[in-house]
Amino acid sequence: MQQNKLLELAKEYAVKYLNDLPGKRAFPGEEALKNLQDLSIPLPRSSKDPGEVLKVLNTIGSDNTVASNGARYFGFVFGGTLPAALAANWLAAAWDQNAVFKISSPISAQLEKVAGSWLLNLLQLPAKSAVGFVTGTTMANFCGVLAARHAIYQRKGWNAKLQGINGAPPIRIIVGEEIHASMLRALMFAGFGSDSLIRVPTDKQGRIIAQKMPPMDDATLVCLQAGNVNTGAIDPVKDICTTARAREQGPWVHVDGAFGLWARVSQAKAALAEGCDLADSWAIDLHKWLNVPYDSGLIICRDPTLLQEALSVSAAYLPDSVEPDPYFYTPEMSRRARGIETWAALYSLGQKGVIELVERCCDYARLFATNLGKAGFQILNDVTLNQVLVSFGDAALTNRIIKKIQEDGTCWCGGTVWQGKTAVRISVSSWMTTADDIEKCSAVIIQIANQEISSKKLNTTA
Ligand SMILES: Cc1ncc(COP(=O)(O)O)c(C=O)c1O
């Protein structure tokens, strides 16, 4: 099939998929899942017509997707894809740019630069910070830890690039009890084992208790969190940073702000993330709340030179007049030009649109909590952001209800255990979700829960 026709076919399949999305199950049904086996064949000896390839993808693939690009997917903290970001992604795929250098893609470098500065402005972070477009928060956390490690070693006169990390000066690493697995992985990748971490107690929402912070010095890395994956709660970054900054050479503070850092774009929510601008490095996802295609996140570092040095082979400084290349601030060399979609998402939303997106998701999370609370179910968290935790009783009952919600297919929510209590975790992160979706999904969840509770009562009395 000719390229033009092939792309028309891809468009036809994609448009149909998106049109069907509102009526689609949130998770594939049994029948569709069985068809996945049809893909388990040996690599054909001869070539295939690309149209045929696309047809197989569409017939088996489309029905076996999770409808996380739809309005009723509330699992983990997933976002969907904004129309402008999706369309830009198609064009970017046709461009097939390598984002490593300005010389390998002037357009990608420029869009990353512009989108990066828009984002620093929206998030109210230091305007001169370095911005690296990485795969997501896990990689951004990793880059933040590497920058911190480099800065601390430098203070102590240790050059890890030449000397390695064996025998390096010790670094004290302070984290909250509720640290996300992603941050733990980042620390582990950088050589800091989980047993070596100093864990600070957290409150009922999962926030670090600032008064319990141990002493911090210039050989300390503090990993804070903006947006607990269960409750959405944000560590008291201002308190901790103010104490840390009171010292001449304080610790390095890194903020894992995968989704919670977005609170800073809204006047109504910014107080929750107050003081985050005082940190040294930040990780944030774009594929979550900004609703751009996977995979997309940012490492932001107050001191561009430190991030660049941490990630480069050469320890040499570059003259100030030389504008940095994109690869200065990412661990990869060749990579896709993910800044294109971010630029498109921001340009299409505008400042107002980004604020509305964040505030709308928070309002809908509250609506979910109100509906489920009114129906008599226990909301386990203060719903200040976009996360809601609901308990339906004991663990076995709540797990049965989670399973039934998932089988029903109207919406998808996962389970979690929050401070010893099994709960349904609802995350409202999609641009597509409407108040009607929340009403409809609340009703379905309430009906399923009541049914399970009644049948439990019948079974106990029988
Ligand atoms: C607080 C926090 N940090 C890190 C991550 C991991 O982000 P990613 O999957 O983009 O690497 C998540 C994902 O939900 C998160 O909630």
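Of the residues that make up segment 346-361, is at least one in contact with a strand residue (DSSP E or B) (Cβ under 8 Å, 6 or more places away or on another chain), surrounded by fewer than 23 Cβ atoms within 10 Å (Cβ to Cβ) and free of Cβ contacts under 8 Å to residues at least 40 places away in the same chain? Quick ask: steps written out before the conclusion?
Step one: list which residues in segment 346-361 are in contact with a strand residue (DSSP E or B) (Cβ under 8 Å, 6 or more places away or on another chain), which gives none.
No.
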Segment 196-211 residues that are outside the structural domain of V255 (by TED's automatic domain parsing) and over 18 Å from R185 (Cα atoms), paired with ones that are of a type in the set (D, E) and buried (at least 19 other Cβ atoms within 10 Å of the Cβ) (beta carbon under 6 Å, 6 or more apart): none
Just to be sure before I move on: is G257 out of contact with any Lys or Arg (no Cβ under 6 Å at 6 or more places or on another chain) and farther than 25 Å from Y327 by Cα in the structure I sent? no
Please work out if Y294 is outside any helix (DSSP H, G or I), in the same structural domain as A99 (by TED's automatic domain parsing) and at pLDDT 95 or above. yes
Name the pairs: first residue in segment 40-56 and assigned by TED's automatic domain parsing to the domain that holds L7, second residue among the basic types (K, R) and assigned to a loop (DSSP other than H, G, I, E, B), Cβ to Cβ under 9 Å, at least 6 apart or on different chains? V56/K48
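From the list K269, K288, which one is at pLDDT 95 or above, surrounded by 16 or more Cβ atoms within 10 Å (Cβ to Cβ) and within 13 Å of the ligand (Cβ to nearest atom)? Step through it out loud before you land on a result.
Details: K269 fails: within 13 Å of the ligand (Cβ to nearest atom).
Criteria check complete, one pass: K288.
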Name the pairs whose Cβ atoms lie under 7 Å apart, with the first residue in segment 13-39 and more than 15 Å from R72 (Cβ to Cβ) and surrounded by 11 or more Cβ atoms within 10 Å (Cβ to Cβ), the second hydrophobic (A, V, I, L, M, F, W, C) and modelled with pLDDT of 95 or more, and 6 or more positions between them or separate chains? Y13/L54; N35/I60; L36/I60; L39/I60
Filter segment 194-229 for residues that are hydroxyl-bearing (S, T, Y) and within 16 Å of the ligand (Cβ to nearest atom); which is surrounded by the most Cβ atoms within 10 Å (Cβ to Cβ)? T202
When the residues of segment 154-185 are filtered to those that are within 19 Å of the chain's Cα centre (by Cα) and closer than 20 Å to L311 by Cβ, which remaining residue is nearest to the ligand (Cβ to nearest atom)? S182
Name the residue, out of T59, T81, that is more than 20 Å from the chain's Cα centre (by Cα) and within 17 Å of N19 (Cα to Cα). T59
Restricting segment 122-137 to residues that are within 16 Å of the ligand (Cβ to nearest atom) and either farther than 10 Å from L298 by Cα or surrounded by fewer than 23 Cβ atoms within 10 Å (Cβ to Cβ) (or both), the one farthest from the chain's Cα centre (by Cα) turns out to be L123
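The values are calculated or read from the model by the stated rules, or taken from the named source; none is laboratory data. Quantities reported herein were computed from a predicted structural model and do not represent experimental measurements. Cβ coordinates were reconstructed from backbone atoms using ideal geometry, including for glycine residues, and neighbour counts include every protein chain displayed.
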